[in-house]
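Quick notes on the structure that follows.
The values are calculated or read from the model by the stated rules, or taken from the named source; none is laboratory data. From a predicted model like this one, the values you see are computed outputs, not experimental measurements. Every residue, glycine among them, receives a Cβ derived from its backbone with ideal geometry; neighbour counts consider all protein chains shown. All accessible areas refer to the heavy atoms of the entire protein, side chains included, with ligands and DNA or RNA removed. Shrake-Rupley method; radii C 1.70, N 1.55, O 1.52, S 1.80 Å.
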Amino acid sequence: QVQLVESGGGLVQAGGSLRVSCVASGIMFRIYAVGWYRQTPGKQRELVARISSGGSTDYADSVRGRFTISRDNAKNTVGLQMNSLKPEDTGVYYCNIATGGGTIWGQGTQVTVSS
(Lines give C-alpha, C1' and ligand atoms only; values in the text may rest on other atoms or scores of the structure.)
Protein backbone atom coordinates (compact mmCIF):
# COMPACT_ATOMS: atom_id res chain seq x y z
CA GLN A 1 0.00 0.00 0.00
CA VAL A 2 1.38 3.37 -1.04
CA GLN A 3 1.34 5.92 1.75
CA LEU A 4 2.64 9.44 2.41
CA VAL A 5 2.81 10.68 6.00
CA GLU A 6 3.52 14.32 6.83
CA SER A 7 4.76 15.58 10.17
CA GLY A 8 6.35 18.61 11.77
CA GLY A 9 3.64 21.21 11.57
CA GLY A 10 2.78 23.45 14.48
CA LEU A 11 2.31 26.98 15.73
CA VAL A 12 5.05 29.55 15.26
CA GLN A 13 5.33 33.31 15.46
CA ALA A 14 5.89 35.39 12.37
CA GLY A 15 9.58 35.43 11.48
CA GLY A 16 10.13 31.99 12.93
CA SER A 17 11.00 28.68 11.31
CA LEU A 18 9.49 25.23 10.96
CA ARG A 19 10.45 22.09 9.12
CA VAL A 20 7.84 19.70 7.81
CA SER A 21 8.66 16.22 6.58
CA CYS A 22 6.99 13.63 4.37
CA VAL A 23 7.83 9.94 4.56
CA ALA A 24 6.79 7.65 1.71
CA SER A 25 6.22 3.91 1.84
CA GLY A 26 5.15 1.29 -0.65
CA ILE A 27 6.63 3.13 -3.61
CA MET A 28 9.93 3.34 -5.48
CA PHE A 29 10.39 6.79 -4.01
CA ARG A 30 13.62 7.76 -5.72
CA ILE A 31 12.18 7.79 -9.24
CA TYR A 32 9.43 10.30 -8.53
CA ALA A 33 9.22 14.04 -8.17
CA VAL A 34 7.62 15.18 -4.93
CA GLY A 35 5.64 18.34 -4.33
CA TRP A 36 4.61 20.25 -1.22
CA TYR A 37 1.22 21.95 -1.46
CA ARG A 38 -0.69 24.06 1.01
CA GLN A 39 -4.35 24.78 1.40
CA THR A 40 -6.07 27.55 3.29
CA PRO A 41 -9.83 27.87 3.86
CA GLY A 42 -11.63 29.19 0.82
CA LYS A 43 -8.66 28.77 -1.48
CA GLN A 44 -7.49 26.10 -3.86
CA ARG A 45 -4.60 23.91 -2.92
CA GLU A 46 -1.47 25.58 -4.26
CA LEU A 47 1.97 24.23 -5.10
CA VAL A 48 4.61 25.60 -2.74
CA ALA A 49 7.71 23.69 -3.78
CA ARG A 50 8.68 20.74 -5.88
CA ILE A 51 11.76 18.55 -6.16
CA SER A 52 12.48 16.28 -9.09
CA SER A 53 13.87 12.77 -8.88
CA GLY A 54 17.25 14.26 -9.76
CA GLY A 55 17.07 16.93 -7.09
CA SER A 56 16.10 19.95 -9.18
CA THR A 57 13.87 22.32 -7.24
CA ASP A 58 11.20 24.85 -8.01
CA TYR A 59 9.31 27.24 -5.75
CA ALA A 60 6.24 29.41 -5.75
CA ASP A 61 7.14 33.07 -5.97
CA SER A 62 5.61 33.67 -2.56
CA VAL A 63 8.09 31.36 -0.80
CA ARG A 64 11.22 31.56 -2.95
CA GLY A 65 14.21 32.54 -0.83
CA ARG A 66 12.47 31.55 2.40
CA PHE A 67 11.62 27.86 1.90
CA THR A 68 13.96 25.03 0.96
CA ILE A 69 12.85 21.62 -0.23
CA SER A 70 15.17 18.63 0.01
CA ARG A 71 15.01 14.88 -0.28
CA ASP A 72 16.76 11.88 1.24
CA ASN A 73 16.15 8.88 -0.99
CA ALA A 74 17.78 6.51 1.49
CA LYS A 75 15.05 7.43 3.99
CA ASN A 76 12.22 7.94 1.48
CA THR A 77 11.80 11.41 2.92
CA VAL A 78 11.22 14.90 1.60
CA GLY A 79 11.61 17.88 3.88
CA LEU A 80 10.49 21.47 3.60
CA GLN A 81 12.46 23.96 5.68
CA MET A 82 10.42 27.11 6.16
CA ASN A 83 12.16 30.25 7.39
CA SER A 84 11.00 33.83 7.88
CA LEU A 85 7.45 32.58 8.16
CA LYS A 86 4.57 34.95 7.56
CA PRO A 87 0.93 34.73 8.67
CA GLU A 88 -0.04 34.12 5.05
CA ASP A 89 1.98 30.88 5.14
CA THR A 90 -0.66 29.44 7.44
CA GLY A 91 -2.39 26.38 6.06
CA VAL A 92 -2.44 22.63 5.83
CA TYR A 93 0.67 21.37 4.08
CA TYR A 94 0.42 18.25 1.96
CA CYS A 95 3.02 16.26 0.10
CA ASN A 96 2.17 14.79 -3.25
CA ILE A 97 3.58 12.25 -5.69
CA ALA A 98 2.16 11.84 -9.16
CA THR A 99 2.65 8.35 -10.55
CA GLY A 100 1.49 6.71 -13.73
CA GLY A 101 -1.23 5.03 -11.72
CA GLY A 102 -2.55 8.13 -10.04
CA THR A 103 -1.77 10.95 -7.63
CA ILE A 104 -0.94 10.22 -4.03
CA TRP A 105 -1.59 12.67 -1.20
CA GLY A 106 -0.70 12.54 2.45
CA GLN A 107 -3.12 13.49 5.21
CA GLY A 108 -1.54 16.91 5.69
CA THR A 109 0.04 18.75 8.59
CA GLN A 110 -1.20 22.08 9.96
CA VAL A 111 1.13 25.07 10.00
CA THR A 112 -0.08 28.16 11.81
CA VAL A 113 1.89 31.40 11.82
CA SER A 114 0.75 34.01 14.31
CA SER A 115 1.31 37.71 13.79
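So the values come out like this:
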read-out: Amide N of region 15-40 lying under 14 Å from the label point, which is placed 7 angstrom from the Cα of T99 along Cα→Cβ; value: 24-34
read-out: Three principal axis lengths of region 56-115 [C-alpha, angstrom, descending]; value: 41, 23, 22
read-out: Area accessible to solvent at K43, 1.4 Å probe radius, in Å²; value: 140 Å²
read-out: Rel. contact order, % - alpha carbon contacts under 8 angstrom, at least six apart, the chain; value: 36 percent
read-out: Fraction of accessible area attributable to carbon and sulfur, region 1-99 (%, probe 1.4 Å); value: 46 percent
read-out: Model label zone, R45; criterion: amide N under 18 Å from point 7 Å along Cα-to-beta-carbon; scope region 64-88; value: 78-80
read-out: Using distinct alpha-carbon pairs, which all enter the 1/r mean, Kirkwood radius of region 8-48 in Å; value: 13.0 Å
read-out: Ranking by accessible area, most exposed first, for W36, W105 with a 1.4 Å probe; value: W105, W36
read-out: Accessible surface, the chain, averaged per residue in Å² (probe 1.4 Å); value: 52 Å²
read-out: Spread of Cα-to-Cα distances over 5 Å intervals beginning at zero, given as percent, for region 1-110; value: 2, 13, 25, 26, 19, 10, 4, 1
